[in-house]
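> Starting off with a structure, shown below.
The values are calculated or read from the model by the stated rules, or taken from the named source; none is laboratory data. Quick caveat, the model's predicted, so the values are computed rather than measured. Every residue, glycine among them, receives a Cβ derived from its backbone with ideal geometry; neighbour counts consider all protein chains shown.
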Amino acid sequence: MDWEIIDLHAKQWVSEAGDKIRDSFNKTLNIQTKSNPNDLVTNIDKEIEQFFIHKIREVYPNHRILGEEGFGDELSNLDGVVWIIDPIDGTMNFIHQQRNFAISLAVYENGIGKIGIIYDVAHGELYHAINGKGAFMNDTQLPSLSKRTVKESIIALNATWVMENQRIDHNLIIPLVREARGTRSYGTAALEMVFVATGRVDAYISMRLSPWDVAAGAVIIEELGGIVTNLRGKKLDFLSNDSLLVAKPGLHQTIIKDYLKEGQW
Ligand code: IPD
Ligand code: CA
Ligand code: CA
Ligand code: CA
């Protein structure tokens, strides 16, 4: 498989999709709700996913596609080449702020991440990695991640961890929030993952995400030596929903061991 050619195609389509999203800024959005009143989707989320699917099917008819808005294939495994697409990650921010959202696109082969692309459309920042070939922000190669203590760390997480009915006892998170240098919440898993990649934050925690939220970010983070698991310290399968802990090496182990009690819950 020539991943560099696939990567060139993918980046070209992501750039075109970014132009389409920017063009939508001065048009009226059609906003609908999905699973609950805060789970939003717009005509642009759907159009962008369909745009990618059209392009991929034209050039790579044998590849399968997993997309958030459901225009791709229904998958029960990641056999072969699978594109995993979130056309707009951070739809609520896209609607309310016209910033702090991203396109997230990954290509996996037999469950292994090969290409990860995350495009911060509002800032013109394209993060991309091919497995084994380095990770970049636009044309600048990102340095490998180095160790960091909790006391020196900024941790990205959103306030849903305080809500009831979460599968994790939220009391476990309180010491981490108290001891960290600071916490941040951006409302876009894809960008929060690349913020770990660039060192803007040191770790990102989420209680529940879907494969399209994390597939591209995982390729970029792992290329830099960062660690991606669920909150029990187990690998993700990129097919089911799961919790997420992304962090610098060392910091990841400390959070799992000393704060999340190595998943003994
Ligand atoms: C959401 C964002 C958000 C995260 C949610 C995701 P969407 O993605 O990544 O930060 O907290 O769980 O669903 O729906 O805007 O693509
Ligand atoms: Ca969504
Ligand atoms: Ca998402
Ligand atoms: Ca989305």
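> Mind checking which pairs have a first residue in segment 135-149 that is closer than 13 Å to Lys11 by Cβ and a second that is assigned to a loop (DSSP other than H, G, I, E, B) and not hydroxyl-bearing (Ser, Thr, Tyr), Cβ under 7 Å, 6 or more apart or different chains?
Note: pairs meeting the criteria are Phe136/Leu142.
> While we're looking at this one, here's another question. Among residues belonging to segment 33-52 that are away from ligand 3 (no atom under 16 Å from the Cβ) and without any contact (Cβ under 8 Å) to a residue 24 or more places away in the chain, point out the one that is farthest from Val219 (Cα to Cα).
Among residues in segment 33-52 that are away from ligand 3 (no atom under 16 Å from the Cβ) and without any contact (Cβ under 8 Å) to a residue 24 or more places away in the chain, the one farthest from Val219 (Cα to Cα) is Pro37.
> Can you work out which of the residues in segment 89-115 that are part of a strand (DSSP E or B) and more than 16 Å from Ile65 (Cβ to Cβ) is farthest from ligand 2 (Cβ to nearest atom)?
Among residues in segment 89-115 that are part of a strand (DSSP E or B) and more than 16 Å from Ile65 (Cβ to Cβ), the one farthest from ligand 2 (Cβ to nearest atom) is Ile112.
> Can you pull out the residues in segment 1-50 that are hydroxyl-bearing (Ser, Thr, Tyr) and touching a helix residue (DSSP H, G or I) at 6+ places or on another chain (Cβ under 6 Å)?
Ser24
Residues checked against (1) over 25 Å from Tyr186 (Cα atoms); (2) surrounded by 15 or more Cβ atoms within 10 Å (Cβ to Cβ); (3) out of contact with any Gly (no Cβ under 7 Å at 6 or more places or on another chain):
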{"position": "Met1", "(1), (2), (3)": "yes, no, yes"}
{"position": "Thr33", "(1), (2), (3)": "no, no, yes"}
{"position": "Thr42", "(1), (2), (3)": "no, yes, yes"}
{"position": "Asp45", "(1), (2), (3)": "no, yes, yes"}
{"position": "Gly90", "(1), (2), (3)": "no, yes, no"}
{"position": "Tyr108", "(1), (2), (3)": "yes, yes, yes"}
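> Return yes or no: is Ala180 away from ligand 4 (no atom under 16 Å from the Cβ) and within 24 Å of Asp45 (Cβ to Cβ)? Talk me through it step by step, then tell me what you get.
Working: away from ligand 4 (no atom under 16 Å from the Cβ): yes; within 24 Å of Asp45 (Cβ to Cβ): no.
Criteria not met by Ala180.
> Now, a different point. Determine, yes or no, whether Glu49 is touching a Pro at 6+ places or on another chain (Cβ under 8 Å), within 15 Å of ligand 4 (Cβ to nearest atom), closer than 29 Å to Asn138 by Cβ and not in a helix (DSSP H, G or I).
Here the answer is no, as Glu49 does not meet what is asked.
> From Asp19, Asp86, grab the single residue that is within 14 Å of ligand 4 (Cβ to nearest atom) and not assigned by TED's automatic domain parsing to the domain that holds Asp237.
Among Asp19, Asp86, only Asp86 is within 14 Å of ligand 4 (Cβ to nearest atom) and not assigned by TED's automatic domain parsing to the domain that holds Asp237.
> Let me ask something additional. Does segment 26-43 include one or more residues that are assigned to a helix (DSSP H, G or I) and of a type in the set (Lys, Arg)?
Within segment 26-43, none of the residues are assigned to a helix (DSSP H, G or I) and of a type in the set (Lys, Arg).
> Next up: Exactly one condition in (1) within 19 Å of Glu125 (Cβ to Cβ); (2) touching a Leu at 6+ places or on another chain (Cβ under 7 Å) is false for Ala106; which is it?
Just one mismatch for Ala106, condition (2).
> Then there is this: Do we have Leu145 as surrounded by 17 or more Cβ atoms within 10 Å (Cβ to Cβ), at negative phi and assigned to a loop (DSSP other than H, G, I, E, B) here?
Values: surrounded by 17 or more Cβ atoms within 10 Å (Cβ to Cβ): yes; at negative phi: yes; assigned to a loop (DSSP other than H, G, I, E, B): yes.
Against the criterion (surrounded by 17 or more Cβ atoms within 10 Å (Cβ to Cβ), at negative phi and assigned to a loop (DSSP other than H, G, I, E, B)), Leu145 qualifies.
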